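See structure below.
The values are calculated or read from the model by the stated rules, or taken from the named source; none is laboratory data. Owing to the predicted nature of the structure, the values given are computational and were not obtained by experimental measurement. Here the Cβ is made from the backbone with ideal geometry for all residues, glycine too, and neighbour counts use every protein chain on show.
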Amino acid sequence: MSVFNFMGFLAKIFASGRRERPMGLSEIIVRLDVILKEVRDISGRLVNRYKDLVRETLVAKSERKNERALVYANEAAQVATYIKKAMIAEMIVEQVKLRLETLGEVADIAKALASISSLLHVAREQVSDIAPSLAIGLELTINKTRELVTGTSDTMPVRVEDALVISPEARELLTKIEKSVEEKLSQLPEVPPELLIGKDKSVSVIEETLKSRGVAEAVPVARAKAGKASVPREQIADFVLNVARERGGFIEVSYVAEKLGVSRDEVIQILLDLEKQGKIFIAHHQKP
């Protein structure tokens with residue numbers, strides 16, 4: 001897990017000499033450690049429940065109690081989805097904690113926390129319907145990252161109102177995490193597929209999460225919609241920063257795109273570039 005590209009990408013930011021870890025960062029790491037232990041415990045209990053249900057399914061099927069077997073099988077399938085979400089959250093938190101434990105420079109901390117914030121948001125969404133207390137813990141941790149960023153740099157917190165953004169590096173990491181989890185799930189006993197209802201295709205729980213939360217993927221500006229007038233990137237960036245200052249840190253992607261006559265993709269890419277430069281910190285909007 002530690003060799004994922006996104007972690008390598010972050011490691012480049014932290015190549016300078018190490019200093020004593022700030023108190024705020026230590027608190028975040030402790031919070032993540034507690035969350036990691038809890039989510040691992042939940043994953044283990046869910047796996048045991050799944051195995052019990054599969055066993056009950058097979059027993060009922062062998063005894064030709066078809067209706068009971070059907071109930072057990074489909075409950076097992078639902079538990080398998082919960083296992084997948086819990087394991088994804090576990091691996092995300094594990095990777096974030098590992099990276100934060102290697103940080104030292106104050107400036108690097110601000111950049112790192114800005115980069116991993118979207119990952120913690122995804123982890124929170126995975127456990128929201130499994131363990132609400134964990135979701136709350138992750139939300140509090142995300143808030144702590146925002147406080148530390150604003151306290152250790154001149155970064156401007158920017159809240160994106162009509163689109164969440166996630167970097168290509170973070171999306172690549174999430175894809176690899178989900179693939180790794182699917183490999184682990186394949187080692188569990190299988191539910192007889194003929195007993196499952198509406199389970200004829202594999203579903204990416206991460207993609208479902210991103211779509212349901214209105215997450216927009218960052219794309220190269222070269223892929224912007226044809227027919228749009230070319231606007232210098234510096235001009236877009238300046239406009240975004242001015243709007244953020246005037247509106248107390250709030251940005252509407254569609255508003256900026258309409259005013260400048262550019263695509264939403266271009267605005268999102270500029271937001272990500274500004275975040276990487278340490279000029280803003282994207283505090284994702286929580287949709288109701």
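A few comments on the model shown:
- Across the stretch 47-59, not a single residue is classified as hydroxyl-bearing (Ser, Thr, Tyr) and either within 15 Å of Thr141 (Cα to Cα) or surrounded by fewer than 18 Cβ atoms within 10 Å (Cβ to Cβ) (or both).
- Sub-8 Å Cβ pairs linking a first residue in the stretch 37-63 that is touching a residue at least 12 places away in the same chain (Cβ under 8 Å) and of a type outside the set (D, E, K, R) to a second residue that is loosely packed, with under 14 Cβ neighbours inside 10 Å and in a helix (DSSP H, G or I), at least 6 apart or interchain, are Ala60/Asn66, ordered by first then second residue.
- Candidates are the residues of the stretch 93-134 that are among the β-branched types (Val, Ile, Thr) and more than 12 Å from Val205 (Cβ to Cβ); the one that is modelled with the highest pLDDT is Val93.
- Unmet requirement for Glu90, which otherwise passes all of (1) charged (D, E, K, R); (2) modelled with pLDDT under 95; (3) buried (at least 17 other Cβ atoms within 10 Å of the Cβ); (4) under 30 Å from Gly24 (Cα atoms): (2)
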